[in-house]
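A short write-up of the structure that comes next.
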Amino acid sequence: MPSKMKPRLSRGVLDMKFMQRTKLKVAKEDDDEQSRALYSNELNTKMLNSNSNFIIEPSYAICEGLIDGRLSFRGMNPEIERLMELEQVEKDGKSRPEQPKEVTDQEMVETYYANQAPAASKTMGKKFSTKNEFHKRKSNEQQRLHKKGQFKKPRQDDE
Amino acid sequence: MFMNANLFEPGKSKPERVFVQSAAKQNTRFDGRKTSEFRDVKLNFGADWGTVTVSMGDTMVLAQVSYDIGTPTSARPNEGTLHLNVDIKGVSYLDEAQATYDQRSLTLNSLLERTFRSSRCLDLESLCIAVEQHVWCVRVDINVLNHDGNLYDASTIATLAALMHFRRPDVSYIDDQIRTYSERERELMPLLFLHYPVSVTYCVYKSTPQPLVDPTLLEENAADSIIVLSFNSYQELCTLNAGGTAPTNVRTIMQCAHSAARRSKALVQFVRKALELDMEKRQQSKHVAGLIDLLDGSLSKFSFKRLMEQEQPMEVDAVQPSQASRAESEQKPEKMTIEEQSQAGQKPAVKDDSSWLPEGNDVTQEQQNTEQIVKENAAKNTKATKSKPNRGKNKAGKKQAAAKKQNQSDSEEEATHII
Amino acid sequence: MSSALNIVMPGERITAVEDVAKGKRIILGPGLRRVNDTVVASKAGPLKHREPNTFWVDNYQRRYVPARGDLIIGIIKAKSGDVYRVDIGSADSASISYLAFEAATKKNRPDLNPGDLLYARVLNASPDIEPELVCVNSNGKRGKLGLLQDGFFFKCSLNLGRLLLRENCPALKALTEKLPYEIAVGVNGRIWVKAHSAAETVGLANAILSLEQAGHSEIDKVCDNLGDVLQA
């Protein structure tokens, strides 16, 4: 059926420099198709569709999480010890987030906003807003500031 | 044992060889022995006569004697025969080709042939039943069970102990009829010996003049040359097998010979003692456990160290050449003739018998001995197959070697015991 | 389950692993085999589990079976064509290309000779083709791989090799306290050690070999005595 036939790129196109990645992909597809054709009479649908939960790993080193076996201690081979140190640092770097925090995320957010840090973004935002909005906000802000001053301070004093 | 259990044997990589060389230089050995310290030898007798295992460290050899009545050779119609058969195949990491054609197997075979057959240690004439018709054919099967170096010593001790342990039934020959008596009718007969030879092995390294005695497999594989000396209990030299590439001077060989002679004497004493104890045991109880002990490792073994403790302290430590040779010269019998095959290129010092057998050792002689004779016995392989009958052929081979103008020297000595 | 010693025999169906597999994907290590939807042991030994989802059988073994990614010690046996033949203790000898070394080119070949020791990574291993080794990482750098010079080399069981390579192995730590040394442990049961003197190296090698009989549990006890072995 010609309609289902996939359009194929010509060799001339595939040989072009920028098509190298596509070329590999096409080659792999061809390969897969061929091997599928080769084993088609041995593979049954069950084998094709089974979705196994098992991964086979023949190496003890990976299963047990073994370390690299080339080690040096107390300055016997400085080159190896430097590599070991680098590895250690890399490992520590990965595990840093697990360190206990002195300041929790919640506290951080609170202090951040308390210090009016987003003020800068606000000022930038003002620049791009329309005149109408600008005025509106300006009046709002004045009101709020006004309210705040009037409202908050006496209350604190009350308490 | 752990080191040998992998497929490939120790001593085949460069770091191992370099390390053993440098350790030998510092008089260090991997198992903590001194350079002239032997491993303990353990004997274990089987339930049958003539079955013996010998273990030295992890090396273990089984020797089994069997017998048959056969016809004698036409050359020696009044002598029984002794056949030695070495089987090294039990050592798992040797593949088929190596086990059969390996130099090691050939060397071991020829060493045993020369030590026991060529030196005529058995009185073969006593094995004759009827001249030209019936003789006893004694056969020794030597099985290597585990190889951790020094198969030579283990095999010779095992063979000697097995032959000494062996008992054959008595026979009578009347009116062309052989009658074999069972154990109940007549007592079994031991074999008759003319002398009792055993071997001692040394490893020589280029890095040090001090040879290592009783090498492990690692040391053996890393060695530059290996010297095997067979002595009998009368301290007569039976076989000398020296090969390899390390320059060895006469002094070193003499030094080895002196300590080997004393060691051999002690070993034969040890075997005798062990046999006595075994006999006692057999008389006490009918039940003999045999080699089953090997499996559970229970100690009915006869250990060299334990048995020889009460003996005079065996001088296994470094030999002081002067002392040793003085002691030697007193005991060395003159009846020993050495058939020395020396090459034209060899220095006269070797040919001179007096330098080999120092009498009343003095300083000048020692200096003479120290004249270094570089032995490069590369021709070891050819030598390994030598035995008496084809000596003429060997000479032809030697001429070729001489033509090559190499500084090679073959030294093979066989002591023929004059009775 | 990881703590309790659970011995399995070859051919035994292991339902415990199957149960876990119903919930999530799991990794079957050496000694375990999938037959249709069941898990069957193919080696005898204690069944081991590592979080989150790895299972394997830790059997006693001396013969190395190559697996991709393993770090091993090999002995160069011969040169042949563009490759070296390397003995890694497996049934088949492995090969390593001349180009699998740092900064190696066709003209600039590494200078290796039969008998040399290599610390290398198994690049691919399959039952049907001979294993291939490399001495560079994916960046073309040598890293820790390459030729092992001097020192001393010996063989042990695969289990001892793995024992030493567990993270925070007490044995190596105990030895470090005694003397400075360098070591290469291949998971193929081969160990190379190097210390300052021959006597130290001998002591080190004997100390490591004395661990051969120690299980995972007794190892601490044995490590306490390592110092004595070193002295002897």
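Using only atoms on other chains, find how many Cβ atoms lie within 10 Å of each Cβ of peptide C:102-115 and report the average.
1
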request  = Mind jotting down the three principal axis lengths of chain C based on Cα atoms? Whole angstrom, largest first.
outcome  = 55, 47, 29
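Do the alpha carbons of any pairs in A:Lys17/C:Lys106; B:Lys34/C:Lys194; A:Lys101/C:Lys24; B:Lys42/C:Lys155; B:Lys12/B:Lys265; A:Lys101/C:Lys178 sit beyond 28 Å of each other, and which pairs?
On the way: A:Lys17/C:Lys106 26 Å; B:Lys34/C:Lys194 22 Å; A:Lys101/C:Lys24 32 Å; B:Lys42/C:Lys155 26 Å; B:Lys12/B:Lys265 34 Å; A:Lys101/C:Lys178 38 Å.
Pairs exceeding the cut-off: A:Lys101/C:Lys24; B:Lys12/B:Lys265; A:Lys101/C:Lys178.
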ask   = How large is ³J(HN,Hα), in whole Hz, for each residue of segment C:188-193 in order, when computed from phi with the Karplus curve 6.51 cos²θ - 1.76 cosθ + 1.60 and θ = phi - 60°, using x for Gly and Pro?
value = 8, x, 10, 10, 10, 10
query = For segment C:152-231, what is the Kirkwood estimate of the hydrodynamic radius, computed as the reciprocal of the mean inverse distance between distinct Cα atoms, to one decimal in Å?
reply = 12.3
request  = Grab the eigenvalues of the alpha-carbon gyration tensor for segment C:71-148, scale each by 5, take roots, and send me the semi-axes largest first in whole angstrom.
outcome  = 18, 14, 12
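Packing-wise, with mean Cβ within 10 Å as the measure, how do B:228-238, C:5-15 rank, highest first?
Working: B:228-238: 24.1, C:5-15: 13.6.
Order by mean packing, descending: B:228-238, C:5-15.
Among C:Lys48/C:Lys141; A:Lys23/A:Lys91; C:Lys77/C:Lys141; C:Lys43/C:Lys221, which pairs are too far apart, with a Cα-Cα distance over 30 Å?
In this structure, C:Lys48/C:Lys141; A:Lys23/A:Lys91 lie more than 30 Å apart at Cα.
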query = What FRET efficiency, computed as 1/(1 + (r/R0)^6) with R0 = 56 Å and r the Cβ-Cβ distance, is obtained for B:Asp40 and C:Lys107, rounded to the nearest 0.05?
reply = 0.50
key: Zero-based 10 Å bins, Cα pair distances in segment C:7-57, whole percents   = 29, 63, 9
request  = Would you mind checking which residues have amide H under 5 Å from B:Gln210's amide H? H placed 1.01 Å from N; only 5 or more apart, or other chain.
outcome  = none
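By the scheme Lys and Arg +1, Asp and Glu -1, what is the net charge of all other residues having a beta-carbon under 15 Å from that of A:Asn53? Write out the running numbers ahead of the final one.
Values: positive: C:Lys22, C:Lys24, C:Arg25, C:Arg33, C:Arg34; negative: A:Glu57, C:Glu18, C:Asp19, C:Asp37.
For residues surrounding A:Asn53, the net value is +1.
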Relative counts (whole %) of C-alpha pair distances in segment B:14-325, using bins that are 20 Å wide = 32, 56, 12, 0
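Every read-out reported here was derived from the displayed coordinates using simple, explicitly stated rules and does not represent laboratory data. All figures in this text were calculated on a predicted structure; none of them were measured in a lab. No Cβ is skipped: glycine too gets one built from the backbone with ideal geometry, and neighbour counts run over all protein chains shown.
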